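The values are calculated or read from the model by the stated rules, or taken from the named source; none is laboratory data. Computed from a prediction, not measured in an experiment: that's the story for all the values here. Cβ coordinates were reconstructed from backbone atoms using ideal geometry, including for glycine residues, and neighbour counts include every protein chain displayed. All accessible areas refer to the heavy atoms of the entire protein, side chains included, with ligands and DNA or RNA removed. Shrake-Rupley method; radii C 1.70, N 1.55, O 1.52, S 1.80 Å.
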Amino acid sequence: MNNKLILLFSSVLFLTACESLYNDPWYQISDSYPDKYYAILNNGSYGMSDASLGKYDRKNLTYYYKEFEVANELKLGDTAQDIIQYGDKLYVSVSGSKTIFVTDKNFKIIKTLSPDQCQPRYFTSHEGKVYVSLYEGYLGEIDTLDFSFRKVKVGQNPEGIVMHKEKVYVANSGGMNYPYYANSVSVVDPKSLTVEDSLKVNTNPCRLFSRDKYLYIHSYGDYDTIEPKLEVYQDGKLSDTGYKNVSMVAQYDDAMYVLTNAYESEGAHIYMHNAAQNTRVGSFLPAGAILLEAYSISATRYFLWVGCSDYVTTGDILMFDRLTGQYNMSFDARGMNPQKVIEIQ
């Protein structure tokens, strides 16, 4: 394991989290973790075709890091971006390879899709359809029964997408137009697959999240004078949640996790936000705990997962109790740039 991460495992991390976190009724703290399987998606290095997909067995505390490759006698490809489960199928976007793999729960390929030779990025789902952002400027729709496909033009280099109030919202990043990034979110009617509206947001929007009446927009800014933000949109009004230097965001139901300062030498920190009420809860990690080389963050029912990467060696996966902030365990991701973790239902 990378020596820089050893700092994380000092005694301060084993202190209980702030007492105020336990007093909020939206928490349901579990005394034990059920036996579950988790899919671990490693992004890989761009152009190296070394993306990978493995499975972590919570019961046996065992990580099968080449499960996709073993199941299919095939490497995942170049730059894996996202994974989602819909019904009994998994959908995996491999952006650099311009491929979407549809698999069963054991990662055996059911269908391989190449959506008009576009680069698939992020997923969301709704009423028998899986939606995917396509970096060439489209929102794609996959029918989960017959895998038929259609698409609609949105904005420049779309990234994160989410269902919100029965519409598909698409973050148009303009990520290939440095330094002239885009700053819009397209609103798409899923029935007609037409763009109905466009919202102006902070520069370079990357990920979207939804809970009840609130739509959250995480943007990167321009990496210079325009700062990254986590904004919230409600009833026609856009406002800033106030977190500084927002690097990554993850969500599970009402609970939102905001990771800041990921690329700073002093290390990153994680804050909790009640997404249903748009209120701050407090610090997720105990005072004094730091994260170094944080690359990604994922939230599942019981755990918060932090993928760490130095962009040179295989990454590490850190597991925390999602409700208390207590460190649980860690393991080698056995792949470059751990990107996302989901619980397999």
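Note on the stretch 267-285: residues that are part of a loop (DSSP other than H, G, I, E, B) and either buried (at least 20 other Cβ atoms within 10 Å of the Cβ) or in contact with a helix residue (DSSP H, G or I) (Cβ under 6 Å, 6 or more places away or on another chain) (or both) amount to 3.
Close contacts from the stretch 92-104, counting a first residue that is at positive phi and open to solvent by 30 Å² or more (accessible area, probe 1.4 Å) and a second that is assigned to a loop (DSSP other than H, G, I, E, B) and small (Gly, Ala, Ser), with Cβ to Cβ under 6 Å and a gap of 6+ residues or different chains, come to Lys98/Ser114.
Tyr180 meets all of the listed conditions (1) part of a loop (DSSP other than H, G, I, E, B); (2) farther than 21 Å from Ser93 by Cβ; (3) touching a residue at least 24 places away in the same chain (Cβ under 8 Å) but one, namely (3). Of all residues in the stretch 199-241, those being in a loop (DSSP other than H, G, I, E, B), closer than 22 Å to Pro179 by Cβ and in contact with a strand residue (DSSP E or B) (Cβ under 8 Å, 6 or more places away or on another chain) number 7. Condition check for Arg58 on (1) surrounded by fewer than 17 Cβ atoms within 10 Å (Cβ to Cβ); (2) in contact with a Pro (Cβ under 9 Å, 6 or more places away or on another chain); (3) at pLDDT 95 or above; (4) of a type outside the set (S, T, N, Q): one failure, at (3). Looking across the stretch 116-126, the residues that are outside any loop (DSSP other than H, G, I, E, B) and open to solvent by 10 Å² or more (accessible area, probe 1.4 Å) come down to Asp116, Gln117, Arg121, Tyr122, Phe123, Thr124, Ser125, His126. Of everything listed in (1) aliphatic (A, V, I, L, M); (2) buried (at least 19 other Cβ atoms within 10 Å of the Cβ); (3) more than 20 Å from the chain's Cα centre (by Cα), the single unmet condition for Leu238 is (2).
All of (1) acidic (Asp, Glu); (2) more than 15 Å from Ala268 (Cα to Cα); (3) open to solvent by 40 Å² or more (accessible area, probe 1.4 Å) hold for Asp310 with one exception: (2).
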